[in-house]
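Taking it in order: structure first as structure tokens, then the write-up.
The values are calculated or read from the model by the stated rules, or taken from the named source; none is laboratory data. If you're wondering where the values come from, they're calculated on a predicted model, not measured in any experiment. Note: ideal-geometry Cβ built from the backbone for every residue, glycine included; neighbour counts use all protein chains shown. Heads up: the accessible areas ignore ligands, DNA and RNA and are worked out on the full protein's heavy atoms, side chains in. Shrake-Rupley method; radii C 1.70, N 1.55, O 1.52, S 1.80 Å.
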Amino acid sequence: QVQLVESGGGLVQAGGSLRLSCAASGFTVSMYCVAWFRQAPEKEREFIGRINWSGGNTYYGDSMKDRFTISKDNGNTVYLQMNSLKPEDTAVYYCAAPTSYGKLLKGEFEYWGQGTQVTVSS
């Protein structure tokens, strides 16, 4: 089992920055990658990007790479750096992990964090 815990959300003014953390614990070697998603009220969940657990390669969703950066420390924490935030970035942000590349392709993420709220004021 893997546990994912997000932190770092909060209220920020437009144009500001936030860094979210996703702390992984448990059987982390089973994770293929850690991905970040967000979901705004009454909108579908949106893929932000992912970082491979082994190797650290990163991949981003369309239009995400210019303001969002995913990184990982030498331990079990993945970060989402968000810059030049806009009110439309307001959402609950989640980290999630699949256990294989095949499950990633299917969109099957076995492990999810509880989410952290990010609110961007205009």
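Within the listed set GLY49, GLY16, GLY102, the residue fluctuating most in the Gaussian network model of the chain (springs between alpha-carbon atoms under 10 angstrom) is GLY102. Looking at the range 20-122, the chymotrypsin sites (Phe, Trp or Tyr not before Pro) that sit in a DSSP loop and have at most 14 other Cβ atoms within 10 Å of their own Cβ are PHE27. Scanning the chain for GluC sites (Glu not before Pro) that sit in a DSSP loop and have at most 16 other Cβ atoms within 10 Å, the longest stretch containing none of them is 45-107. For the range 4-53, the relative contact order is 28 percent, taking Cα pairs closer than 8 Å that sit 6 or more residues apart in sequence and dividing their mean separation by the residue count. On the beta carbon distance between GLN114 and GLU46, with R0 = 25 Å, the FRET formula returns roughly 0.90.
Remark on GLY16: its backbone amide H falls under 5 Å from those of LEU85, a criterion applied only to residues 5 or more positions apart or on other chains, H modelled at 1.01 Å from N. Comparing SER21, SER84, SER71 in a Gaussian network model of the chain where C-alpha atoms under 10 Å apart are linked, the largest mean-square fluctuation is found at SER84.
Compute the relative contact order of the range 2-89 as a whole-number percentage, counting only Cα pairs closer than 8 Å that sit 6 or more residues apart in sequence. Result for the range 2-89 is 31 percent. A 1.4 Å probe run over the chain, with the rest of the protein chains in place, finds 52 Å² accessible per residue. Spacing of the modelled spin labels on LEU105 and TYR59, each 7 Å from Cα toward Cβ, amounts to 1.0 nm.
Using a 4.7 Å Cβ-Cβ cutoff, the cysteines of the chain lacking any partner cysteine are CYS33.
Accessible surface for ARG67 stands near 40 Å², nearest 10, in the context of the full protein assembly shown (1.4 Å probe). Net charge in the neighbourhood of LEU104 (other residues with Cβ under 12 Å of its Cβ; Lys, Arg +1, Asp, Glu -1) is +1. Taken over the C-alpha atoms, the chain has Rg and Dmax values of 13.6, 41 angstrom. Could you check how much of the accessible area of the chain is carbon and sulfur, as a whole percent, using a 1.4 Å probe? Roughly 46 percent, rounded to a whole number.
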